[in-house]
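Peer 1: Starting off with a structure, shown below.
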Amino acid sequence: EYVGAKYGIACMNGTVGLHIAQILCGVVSNDYVIVPNITFIATLNAIKYTGADPILIDVNQTNWQMDLSILENFLESKTEIKNSQCILKENGRIIRAIMPVHVLGNIGNLEKLIKLSKKHHLKIIEDSTESLGSFYKKQHSGTFGDFGVFSFNGNKIISTGGGGVIVTNNEELAKKAKHITTQAKVSPTEYIHDEIGYNYRLVNVLAAIGVAQMEKFPDLLKKKRIMDNYYRKELSNVGDIEFQEVNSNVNANCWLFTFKTKKMRPLLDYLNNNGVMSRPFWMPMNQLEMFKNDLYVTENDNSSSIYETCISIPSSAGINEQEMREVVSKIKEFYININN
């Protein structure tokens with residue numbers, strides 16, 4: 001109801017939601033699924049669960065979302081349409097779907113993405129696991145494609161400890177999703193199953209926690225945006241800090257405050273050694289051992305430069321102004337020290 005989708009299917013986490021969504025989009029072994037090269041590893045793990053392989057697209061230097069110009073050039077030059085399917089010309093394999101990831105709750109150019117997907121016969125599965133509360137032109141993330149998937153992991157704005165929801169506007173696919181996430185059981189009384197199913201349901205206790213969390217979500221989302229505004233104001237013009245660009249069409253949920261600096265590694269050490277827990281960004285997927293041989297499409301390898309310069313700082317919805325002042329103070333202290 002909150003995101004404006006017609007149907008929602010609760011599941012045990014966002015990763016299995018992505019797995020099921022791919023199955024229902026027809027992704028099978030030896031297919032390809034297009035994804036950004038910077039994302040949390042769960043996105044790619046879910047692709048491998050189906051037996052498919054990822055095609056990794058480099059990200060945009062400013063908003064850190066999948067670079068749609070690179071994607072467009074790749075689709076136009078390296079693929080062809082046969083029997084209403086997108087085929088990678090070099091080996092004849094089917095590219096079945098595209099899985100945009102709304103990284104850090106930000107959103108890229110969805111009109112262009114939808115246009116490309118229609119032209120090249122690609123299903124869209126939105127990895128919206130980080131973007132509950134994010135809107136693109138007043139429409140909620142996760143509702144633009146065939147499926148959207150949300151996560152209620154412990155690090156999200158609201159949490160059920162572990163949990164997720166698959167959303168879709170397709171009634172038939174919604175029923176199918178419910179069916180195969182509950183062991184594909186046909187009869188309510190007898191143990192009759194009509195296909196391979198999965199024990200992917202969200203248990204009742206966690207679902208109850210999620211209902212209570214949703215009641216608090218508007219207030220938590222407001223606090224996230226206050227946090228984002230505070231950090232952007234206080235850290236503007238500090239050292240060489242650059243912020244993630246958010247397009248005017250996007251109202252992001254400000255999930256995890258992350259910024260760029262060429263001093264990322266020494267700043268990371270300084271903050272963690274001085275009581276401010278901070279983290280580097282995700283390593284690009286093509287640099288991980290299990291994905292290094294997968295196809296990576298890039299022009300300038302923005303993924304590497306973003307990884308080498310991005311740092312995430314304390315961003316809890318429960319963070320107060322005094323704590324944010326302390327975080328900002330330590331960051332400013334670091335830049336003062338290195339300049340003296």
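The values are calculated or read from the model by the stated rules, or taken from the named source; none is laboratory data. As the structure is a computational prediction, the values presented were derived from the model and not from experiment. Quick reminder, even Gly has a Cβ in these numbers, built from the backbone with ideal geometry, and neighbours come from all protein chains shown. Note: areas computed on protein heavy atoms with side chains; ligands, DNA, RNA excluded. Shrake-Rupley method; radii C 1.70, N 1.55, O 1.52, S 1.80 Å.
Peer 1: Please give the helix 264-273 orientation as an angle from the longest Cα principal axis of the chain, in degrees from 0 to 90, rounded to the nearest 10.
Peer 2: 80 degrees
Peer 1: For region 160-310, rounded, prolate or oblate, judged on the Cα gyration tensor with a ≥ b ≥ c (square roots of eigenvalues), a/c < 1.5 rounded, else prolate if a/b > b/c?
Peer 2: It comes out prolate by the Cα gyration axes.
Peer 1: Given contacts defined as C-alpha pairs under 8 Å and at least six residues apart, what's the relative contact order of the chain, whole-number percent?
Peer 2: 21 percent
Peer 1: So, R0 is 35 Å and r is the distance between the beta-carbons of Ile338 and Asn155; what FRET efficiency does that work out to, to 0.05?
Peer 2: It comes out at approximately 0.70.
Peer 1: How much accessible area does Met283 have with a 1.4 Å probe, in Å² rounded to the nearest 10?
Peer 2: About 70 Å², ignoring ligands and nucleic acids.
Peer 1: What is the Cα centroid distance between region 1-58 and region 250-294, reported in whole angstrom?
Peer 2: So the separation of the two Cα centres works out to 23 Å.
Peer 1: So, one more: Which residues make up the longest stretch of the chain clear of GluC sites (Glu not before Pro) that lie in a DSSP loop with no more than 13 other Cβ atoms within 10 Å, not counting the sites?
Peer 2: By the stated rule (loop sites, at most 13 other Cβ atoms within 10 Å), 91-189.
Peer 1: What is the antiparallel percent of DSSP beta bridges lying wholly in the chain, to the nearest 5?
Peer 2: Details: 29 of 46 bridges.
Roughly 65 percent of the DSSP beta bridges within the chain come out antiparallel.
Peer 1: Okay, next question. Between the DSSP loop rule and a limit of at most 15 other Cβ atoms within 10 Å, which chymotrypsin sites (Phe, Trp or Tyr not before Pro) in region 187-283 are left?
Peer 2: Sparse-neighbourhood loop chymotrypsin sites (Phe, Trp or Tyr not before Pro): Tyr191.
Peer 1: Of the trypsin sites (Lys or Arg not before Pro) in region 152-195, which ones lie in a loop per DSSP and count no more than 13 other C-beta atoms within 10 Å?
Peer 2: none
Peer 1: Accessible area per residue for the chain in Å², computed with a 1.4 Å probe and the full protein assembly in place, what is it?
Peer 2: Computed with neighbouring chains in place, this is 47 Å² per residue.
Peer 1: Then there is this: At a Förster distance of 41 Å, what's the computed FRET efficiency of Glu299 paired with Lys263, Cβ-Cβ distance as r, to 0.05?
Peer 2: 0.95
Peer 1: When you count, for each residue, the other Cβ atoms within 10 Å and take the mean per peptide, how do 38-45, 53-60 rank with the highest first?
Peer 2: In descending order of packing, they fall as 53-60, 38-45.
Peer 1: How many percent of the alpha carbon pairs in region 232-338 exceed a separation of 19 Å? Could you put the intermediate results ahead of the total?
Peer 2: Details: 2866 of 5671 pairs.
Across region 232-338, Cα pairs with separations above 19 Å total 51 percent.
Peer 1: Above 20 angstrom, tally the Cα pairs of region 278-340 and express them as a % of all pairs, no decimals.
Peer 2: 50 percent
Peer 1: Remind me, what semi-axes does region 210-267 give for its equivalent ellipsoid, largest first in whole Å, using sqrt of 5 times each Cα gyration tensor eigenvalue?
Peer 2: Its equivalent ellipsoid spans semi-axes of 27, 13, 10 Å.
Peer 1: If you roll a 1.4 Å probe over the chain with all protein chains in place, what percent of the accessible area is carbon or sulfur?
Peer 2: It is 49 percent, rounded to a whole number.
Peer 1: Of the listed values (i) 20.7, 75; (ii) 28.2, 89; (iii) 20.5, 66, identify the label whose number matches Rg and Dmax of the Cα atoms in Å calculated from this model.
Peer 2: Matching the structure shown: (i).
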